[in-house]
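Have a look at the structure below, then the notes.
The values are calculated or read from the model by the stated rules, or taken from the named source; none is laboratory data. If you're wondering where the values come from, they're calculated on a predicted model, not measured in any experiment. Reconstructed Cβ throughout: ideal geometry from the backbone, glycine too, with neighbour counts over all protein chains shown.
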């Protein structure tokens, strides 16, 4: 196994110019490390970390980089929001130090990760939890309820008019127009898409017959690149509907989705709660904390259409400086301070203390190979 070292990462940094450069530009004397790991390491560090991936994490990354600057003013964090699939691909190829991804590595990617990271394997840390909102643009309809089977029918192209009887049944008091429905999906390989299709396959499998996938599996509807592109496409049409990180919905309508016998709106609290009640995927590495979200919950204080976004990296890096920088940064990201910075910047749900304690076992294990 040959891991690209910091010299390659520096070259990647130059290539990322003009995308998203998140630079640690402040200073702080608060370098002691508390139980939450808020300081991101006691020793003063300098250098550059390069990451790429989830566009949903972009705002959170801005919050993390700004906060991290308060404890490690000599470190620059570069992040290219190319989408989850692109981030995983770059990380597995050795082009960046870590990936941000709205879905965990699949079996094929885990095999590739051994080539990148060696026998010590990878860490996958759930560091960003956010509800996926079903967003829509339908003038005159300010409130909308949609059961899982109705959502599946719309995105499968089986429900094509807004006054369809299935939508009317979910909204008996609404005045629904006969406008044509235009579903909008992501055009890139997207973790948000994988979470959305995973939800549809698990809660409406008789309507949505495709498996979970990061690349949209159907030919129906329109598309937008990245979170911003999808939101723009939904805003730009009438009768449009899409799916996106709830924090990016802006002034679009947001549907409540059917959970149990009620309809539930996305919220930080409900998103965090469904993850807390879910299980870690089995058969993975010691520091691989990928979750199998309980999409089929009937608890109305949980919101099952949620993405758990991860930072993915090597437990062992070839380069000592890279290992130290990644370790310090991830320590800050999962800390209570870091999680609040993300919540303030992106509207995400902070991870629980249990998830933080779990993540810190992986952070503490990050080291240099050999």
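Of the residues making up the stretch 70-84, those that are closer than 23 Å to residue 56 by Cβ and in a strand (DSSP E or B) are 76, 77, 78, 79, 80.
Exactly one of (1) more than 30 Å from residue 59 (Cα to Cα); (2) surrounded by fewer than 20 Cβ atoms within 10 Å (Cβ to Cβ) is unmet by residue 159. Its number? Of everything listed in (1) more than 30 Å from residue 59 (Cα to Cα); (2) surrounded by fewer than 20 Cβ atoms within 10 Å (Cβ to Cβ), residue 159 misses just condition (2). Only one of the numbered conditions (1) more than 20 Å from residue 323 (Cα to Cα); (2) surrounded by 24 or more Cβ atoms within 10 Å (Cβ to Cβ); (3) modelled with pLDDT of 90 or more is violated by residue 71, and that is (1). Close Cβ contacts (under 7 Å, 6 or more residues apart or on different chains) running from residues in the stretch 138-166 that are at negative phi to residues that are assigned to a helix (DSSP H, G or I) and surrounded by fewer than 19 Cβ atoms within 10 Å (Cβ to Cβ) comprise 150/166; 153/166; 159/166. The helices (runs of 4 or more DSSP H) found entirely in the stretch 85-184 that carry 1 or more residues being in the same structural domain as residue 260 (by TED's automatic domain parsing), within 25 Å of residue 250 (Cα to Cα) and more than 17 Å from the chain's Cα centre (by Cα) are 148-155, 165-170. Any idea which of 118, 87 is out of contact with any helix residue (DSSP H, G or I) (no Cβ under 7 Å at 6 or more places or on another chain), surrounded by 24 or more Cβ atoms within 10 Å (Cβ to Cβ) and either in contact (Cβ under 8 Å) with a residue 24 or more places away in the chain or more than 30 Å from residue 169 (Cβ to Cβ) (or both)? Matching residue, one of 118, 87: 87. When you scan the stretch 292-299, do you find a residue that is farther than 30 Å from residue 149 by Cα and surrounded by fewer than 22 Cβ atoms within 10 Å (Cβ to Cβ), even just one? So far as the stretch 292-299 goes, no, none of its residues is farther than 30 Å from residue 149 by Cα and surrounded by fewer than 22 Cβ atoms within 10 Å (Cβ to Cβ). Residues in the stretch 188-229 that are surrounded by 18 or more Cβ atoms within 10 Å (Cβ to Cβ), more than 19 Å from residue 290 (Cβ to Cβ) and modelled with pLDDT under 95: 188, 221, 226, 227.
Selection over the stretch 355-368 of residues that are in a helix (DSSP H, G or I) and buried (at least 19 other Cβ atoms within 10 Å of the Cβ) gives a count of 5. What are the residues in the stretch 257-274 that are surrounded by 18 or more Cβ atoms within 10 Å (Cβ to Cβ) and at pLDDT 95 or above, if any? Residues satisfying the conditions are 257, 258, 259, 263, 264, 266.
Of the numbered criteria (1) surrounded by 21 or more Cβ atoms within 10 Å (Cβ to Cβ); (2) in the same structural domain as residue 149 (by TED's automatic domain parsing), the one residue 325 fails is (2).
Being at positive phi, without any contact (Cβ under 8 Å) to a residue 60 or more places away in the chain and not assigned by TED's automatic domain parsing to the domain that holds residue 81: is that true of residue 229 here? No; evaluated as a whole, the condition is false for this residue.
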